[in-house]
Ligand SMILES: Nc1ncnc2c1ncn2[C@@H]1O[C@H](COP(=O)(O)OP(=O)(O)OP(=O)(O)O)[C@@H](O)[C@H]1O
Ligand SMILES: [Mg+2]
């Protein structure tokens, strides 16, 4: 089952993580929510893979399931496999998983305030993670290494900060501490779930830069979850787009930005702020994702899709995720029509307007 992953440069790298058919549901009072449905992907050694999609699309449940961090119940892992270096993470005992987390796998959460211990000094928290995997290190060595790590992620005066509590640090510094903890044991895999969403825009850029530096320093393969396609463009080589618990498009970032092959991706890109547009002109995707309690029979995006008009197939037959060339996958019956960049997109998008906008962008680009 070890499919190789092609990169943009055409070379192949061995997959470090191979997720197959991950399916997770939540039992709620209202019924069973199909949170993650048949998700499969690979992540190569050293690769940065973006995972995007609207709120509730299943990004966090996908990532946190791999680490045993989705509480069961209410969640239930229905099926799937997550081979990390050949071992299935989904079958590991809690204790084994705890060893993997903070060791071979580092995690950066969205909100460092809830992930960090408020009553423990920063240096101590970094030291505890280090000690889990370096039993022979003395307290002094642990502190020295903690200071080095803080310095690596750009924390000013690391020898002072190491003795402070999380509440004495700004949000941006706290997130850098989280990154320091995540890379403390030289992980082979980094999972970052919305690492910059809670931060101011200027701080976001700095923290992303540090995340990138940390990634380069450790060479860790990285799964970067964000709902910001700008972050994906800046950081990732490949991207997975999720919608209503399923992957709807996947492929190299450059190709997908140039020519998305799923109407949902078209919509996401159109709702991205662009330098040549005022904010008023942003086009959010109209409507809402479907209920995960009662997903529609056909395509989950059909109700919001501009390509669907008058086509019953979208309502009756769920599109499979298929290869569409250039190392890309799309789950749209009519992905061929998106080869023409002015076709498709979400509903109520006048095609002429889109074409006119595109001409403006091209003119600006030149
Ligand atoms: N604790 C929970 N109880 C019940 N259902 C849940 C719970 N957590 C998640 N879900 C279900 O799983 C779905 C996916 O949630 P998930 O947190 O993975 O979304 P997400 O893509 O990470 O969204 P966001 O961008 O808001 O973080 C939700 O739409 C919801 O139906
Ligand atoms: Mg999330």
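The values are calculated or read from the model by the stated rules, or taken from the named source; none is laboratory data. Note that the coordinates shown come from a computational prediction; the quantities given were computed from them, not determined experimentally. As a convention, Cβ positions derive from the backbone with ideal geometry for all residues, glycine included, and neighbour counts pool all protein chains shown.
Yes or no: the stretch 57-66 includes at least one residue that is assigned by TED's automatic domain parsing to the domain that holds residue 130 and more than 26 Å from residue 300 (Cα to Cα).
Our first condition is that a residue be assigned by TED's automatic domain parsing to the domain that holds residue 130; within the stretch 57-66, this holds for 57-66.
With more than 26 Å from residue 300 (Cα to Cα) added as a condition, the list becomes none.
No, the stretch 57-66 has no match at all.
If residue 272 meets every condition in (1) at pLDDT below 90; (2) assigned by TED's automatic domain parsing to the domain that holds residue 172; (3) in contact with a helix residue (DSSP H, G or I) (Cβ under 7 Å, 6 or more places away or on another chain); (4) surrounded by fewer than 24 Cβ atoms within 10 Å (Cβ to Cβ) apart from one, which number is that one?
Of everything listed in (1) at pLDDT below 90; (2) assigned by TED's automatic domain parsing to the domain that holds residue 172; (3) in contact with a helix residue (DSSP H, G or I) (Cβ under 7 Å, 6 or more places away or on another chain); (4) surrounded by fewer than 24 Cβ atoms within 10 Å (Cβ to Cβ), residue 272 misses just condition (2).
Restricting to the stretch 94-115, what's the tally of residues that are away from ligand 2 (no atom under 16 Å from the Cβ) and touching a residue at least 40 places away in the same chain (Cβ under 8 Å)?
Qualifying residue count for the region: 6.
For the stretch 19-33, which positions are touching a strand residue (DSSP E or B) at 6+ places or on another chain (Cβ under 7 Å) and away from ligand 2 (no atom under 16 Å from the Cβ)?
19, 20, 21, 23, 25, 27, 32
Output the residues belonging to the stretch 97-114 that are buried (at least 19 other Cβ atoms within 10 Å of the Cβ) and within 17 Å of residue 60 (Cβ to Cβ).
Once the filter is applied, which keeps residues that are buried (at least 19 other Cβ atoms within 10 Å of the Cβ) and within 17 Å of residue 60 (Cβ to Cβ), the stretch 97-114 yields 101, 105, 106, 107, 108, 109, 110, 112.
Does residue 146 satisfy the condition of being in a strand (DSSP E or B) and surrounded by 22 or more Cβ atoms within 10 Å (Cβ to Cβ)? Before the answer, list the steps.
On the way: in a strand (DSSP E or B): no; surrounded by 22 or more Cβ atoms within 10 Å (Cβ to Cβ): yes.
It is false that residue 146 is in a strand (DSSP E or B) and surrounded by 22 or more Cβ atoms within 10 Å (Cβ to Cβ).
Would you check if residue 118 is in contact (Cβ under 8 Å) with a residue 12 or more places away in the chain, farther than 23 Å from residue 228 by Cα, within 15 Å of ligand 1 (Cβ to nearest atom) and outside the structural domain of residue 296 (by TED's automatic domain parsing)?
So residue 118 fails the test.
I'm trying to understand the selection: among the residues of the stretch 197-220, which are within 16 Å of the chain's Cα centre (by Cα) and more than 13 Å from residue 153 (Cα to Cα)?
197, 198, 204, 220
Kindly provide the set of residues from the stretch 165-181 that are buried (at least 16 other Cβ atoms within 10 Å of the Cβ) and outside any helix (DSSP H, G or I), ordered by number.
169
Could we say that residue 351 is out of contact with any helix residue (DSSP H, G or I) (no Cβ under 9 Å at 6 or more places or on another chain) and either modelled with pLDDT of 85 or more or not assigned by TED's automatic domain parsing to the domain that holds residue 33 (or both) here?
Against the criterion (out of contact with any helix residue (DSSP H, G or I) (no Cβ under 9 Å at 6 or more places or on another chain) and either modelled with pLDDT of 85 or more or not assigned by TED's automatic domain parsing to the domain that holds residue 33 (or both)), residue 351 qualifies.
Could you figure out which of (1) over 16 Å from residue 49 (Cβ atoms); (2) in contact with a strand residue (DSSP E or B) (Cβ under 8 Å, 6 or more places away or on another chain) isn't true of residue 217?
(2)
I'm told residue 138 meets every condition in (1) surrounded by 14 or more Cβ atoms within 10 Å (Cβ to Cβ); (2) over 29 Å from the mean Cα position of the chain (by Cα) except one. Can you identify the failing condition by its number?
(1)
Quickly run through the stretch 64-78 and pick out the residues that are in contact (Cβ under 8 Å) with a residue 40 or more places away in the chain and within 8 Å of ligand 1 (Cβ to nearest atom).
Selection gives 64, 70, 74, 75.
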